[in-house]
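Everything below concerns the one structure shown next.
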Amino acid sequence: MIYTCTLNPAIDLFIETDHLKPEVVNRTNSYDIQPNGKGVNVSFILKHLGVDNTAWGVGGGFTSNFIEESLQKKGIATDFTHIDGISRINVFTRVVDTDTEYKEVNNGPEVSEDKVTEFLQKVAKLTNDDSLVVSGSFSKGIPANIIVKISEMAEKQGFKLIIDTSYPEVVDAIGHQPFLIKPNDEELLSWFDQPSTEDIDVLVKYSKELLKKGAQNILLSLGAKGALFVNEDYVLFGNAPKIKVVNTACSGDTMLGTFLAGLEQKMSLEDNLQRSIAAASSTAASAGLTDFKDVDKLMQQITIKQLEG
């Protein structure tokens, strides 16, 4: 079974307005309310592609109830660790007259040490038949080094661990040979104290450094430039199709969920990377997660190249 894990779930409020002026009432053209959190999004994408999974989370209040009910309505099993307090609400505002997007992301509620222990007790039950996807930020009270603890458990218990979080502690976790790491280019370079660059050779170099440290596979998202997949046998690069960006908030989650579904469905790595980039681009061109209706068309713009490694 694939389990997704969201340690700081959220409701996202998407707003479109013609203008955003201070100290006046700004009327909106439209709004949409969506359950969110990186692991939650991965669960939705997996289910859309026919891959059953269970969504784990740590959350509380009416917002957590809404997120769990939304998952269940899609046929996704949930097993959240419930806490006091209310899971967060984030606001994303698209301003038409300036073609600008504003992102206002809140902190999560405080999580007690007992609740962290309760969550880890679930992880302790996973076996080599399972995969665990740990995605996104952690609520207050959940230490960043929990990712190291979970990676130790994965190595001991034999389950596949997939990590998509930006904390520098990921580098320490890699020594326990997680199955897949999915950073973006900025996160990757920050782990090595390197400046931003668009040089693919440099990004491949530091992806391979993660392999040397113990990671088995690297899926590196490059935003408008596409994505890289790197392991001991392959260095694959795919360009991104040309789209009009509407919302970039969930495109990385879409890429990861699509890629994991492709692995379950035994797709070739080349086809899987191509579909994953197309799906991520479709989400970026949408108000919410892709419905995959335009993914085949977007795939026609994407070429997968084997790079010298």
Please go through segment 6-57 and pick out each residue that is free of Cβ contacts under 8 Å to residues at least 40 places away in the same chain and in a loop (DSSP other than H, G, I, E, B). LYS21, PRO22, GLU23, VAL24, VAL25, ASN26, ARG27
Read through the list (1) surrounded by fewer than 19 Cβ atoms within 10 Å (Cβ to Cβ); (2) within 18 Å of the chain's Cα centre (by Cα); (3) of a type outside the set (S, T, N, Q), then give the number of the only condition that ILE218 fails. (1)
Tell me yes or no: at least one residue of segment 62-77 is part of a strand (DSSP E or B) and in contact (Cβ under 8 Å) with a residue 40 or more places away in the chain. no
Going through (1) within 25 Å of ILE15 (Cβ to Cβ); (2) surrounded by fewer than 22 Cβ atoms within 10 Å (Cβ to Cβ); (3) hydroxyl-bearing (Ser, Thr, Tyr) one by one, THR303 fails only at (1)
Out of everything in segment 103-134 that is modelled with pLDDT under 95 and surrounded by fewer than 12 Cβ atoms within 10 Å (Cβ to Cβ), what residue ends up being nearest to ILE2 (Cα to Cα)? ASN107
For segment 36-48, does any single residue satisfy the condition of being at pLDDT below 95 and over 18 Å from the mean Cα position of the chain (by Cα)? no
Report every pair of residues separated by at least 6 positions or lying on different chains whose Cβ atoms are under 8 Å apart, first residue within segment 116-131 and hydrophobic (A, V, I, L, M, F, W, C), second in a loop (DSSP other than H, G, I, E, B). VAL116/GLY141; VAL116/ILE142; VAL116/PRO143; PHE119/LEU7; LEU126/PHE159
Any idea how many residues of segment 196-221 are in a loop (DSSP other than H, G, I, E, B) and at pLDDT 95 or above? 4
Counting only residues in segment 120-139 that are among the hydroxyl-bearing types (Ser, Thr, Tyr) and assigned to a strand (DSSP E or B), the one nearest to LEU260 (Cα to Cα) is identified as SER131
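The values are calculated or read from the model by the stated rules, or taken from the named source; none is laboratory data. Quick caveat: nothing in here was measured; it's all calculated off a predicted structure. Neighbour counts are summed over all protein chains in view; Cβ atoms, including those assigned to glycine, are modelled from backbone coordinates with ideal geometry.
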